[in-house]
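Reviewing the structure listed below.
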Amino acid sequence: MAPGRNGETPEPRKAVLRKLWAPEDDEGKRGGLIDEVLALWFPAPNSFTGEDTVELHTHGSRAVVAATLEALGRLEGLRMAEPGEFTRQAFANGRMELTQVEGLADLINADTEEQRKQALRNMGGAQRSKLEGWRQELLSALAHTEALIDFGEDADDVTADALRGAVTKVRVLRREVENQLSDGGRGEVVREGVRVAILGPPNAGKSSLLNMLAQRPAAIVSPIAGTTRDVVQVTLQLGGLPVLLSDTAGLRESTDDPIEQQGILRTLGEARRAQVQLWVYDATDPPTRAAQLDTVALGAGAARSAGVDGAADEALGEGAVLGEDASSAVQLLVLNKLDLLHSPGLLHSPAEPTGTSGSAEMGAFPWSPLLARERQYHLSCTTGEGVQPFLDALSQMIASKYGASDREAALITRARHREHLRRCADALEAFEQYAGLGDSAPLDLAAEEIRIAANELGKITGRIDVEELLDVIFRDFCIGK
Ligand SMILES: Nc1nc2c(ncn2[C@@H]2O[C@H](COP(=O)(O)OP(=O)(O)OP(=O)(O)O)[C@@H](O)[C@H]2O)c(=O)[nH]1
Ligand SMILES: [Mg+2]
């Protein structure tokens, strides 16, 4: 940064107050004063991108910003950055790896506390250091296996020992990778939101519940059974996580209305994708048969009437098979219209629904025999009674299932990571199979599998470098000695 009219080049990374002048025009006429600004000078490589960088903190008015940009645009070699170009430059200059770039993007877009924490961890390199640690392990196992290919035949004992060492290393690592793969999609859920589907028979109050939780009339409520047809989705924050709450068409076995049939198909698709199935029933008529908490059984008739054709597949979502349900989804039961139970003649006055189950008064409540009582909530969308305890329990359940507070943070936060890790685990398994063939083990094929596995890890962080592999080989072995 050349010294300006105001004096010397500022000290690196120290804010200085400067007058910002427009550059001279073509005739060499002195430019006018634009603003008084704070300027920061970040000489390479200690800047975000790794290049020489100047930051100008101007006053925020549109006129000042426009005059500043116009003046900068007249300097040779300067242009506006593309979206994400600074980060891209930082990546290209080795300042960040891909998972950190992704973490930064997530941090910028974070809406909830858990998202912020997860993004910050990954921007700081949490994923990178774990993956890089694993990759180094693999590179060293690879170096050992490759050395055996070259020198092993002269020393059988050494061969067997070294191979055993590599196999043990790989086996431990594969277990770790598989542990991460079976994490229930925690990291992705934190980023993308917990999908909660409101399901149940027509008129149970599903749309009323959605509106109550969204605190706005997002879905139409009416006493006509079969009001909702399209999936109505709202976004909430519960337990520090984003929640995608969907209201769906009521499920009933038979309906002649082709639009309602299509609505039911959409319900089936939504139920399949959900991590939490929130079943809503009228508290005066709790479900008693297993089929009543089973979208496939409930929707089968309508699906048949609608014809399980291309349209059905589309409604259910890609790769869906009719008759398949989200078996891993958590099921909760909301027994709505609690106010009706207080009406004379229906049931004798039940106690507050928040008490512990099993008390004498709670016995007056109708419960469903299909689910544990901890998973059932009595409430009224009309009076609001019981809604807060239900909401607290739902938040707690979501936070404990997907939040990271009490446990190790999720390593996988994107489908991309999962895909590479899956391929890495497959390659490690193939290595173990080759290596398990004893004396006749095809070491070259085995080594290739480790190389594939290491590359898959490298693809996650965006760093695959053959030079490094050579480094490891030369460091661990004195080839040519
Ligand atoms: N008494 C009482 N009525 C309720 C309560 N919640 C909803 N209702 C009424 O029940 C009727 C149906 O409510 P909706 O929310 O439209 O029910 P739904 O389950 O979405 O119905 P579909 O969209 O047809 O599947 C409406 O007349 C609501 O006013 C409640 O807690 N108590
Ligand atoms: Mg509805």
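Computed from the coordinates by the stated procedures, all read-outs in this text should not be read as laboratory data. Quick caveat, the model's predicted, so the values are computed rather than measured. Positions of Cβ are generated from backbone atoms using ideal geometry, with glycine treated the same way; all protein chains shown enter the neighbour counts.
Miscellaneous remarks
- Listed from fewest to most Cβ neighbours within 10 Å, the set H57, H378 follows the order H57, H378.
- Ranked list, fewest to most other Cβ atoms within 10 Å of each Cβ, for C381, C424: C381, C424
- Candidates per GluC sites (Glu not before Pro) in the range 1-93, loop by DSSP, up to 14 other Cβ within 10 Å: E8, E24, E27, E76
- Which listed pairs, of K19/K117; K401/K459; K14/K130; K337/K401; K14/K459, have C-alpha distances above 32 Å, in listed order: K19/K117; K14/K130; K14/K459
- Between the range 75-126 and the range 213-267, the C-alpha centres lie 37 angstrom from each other.
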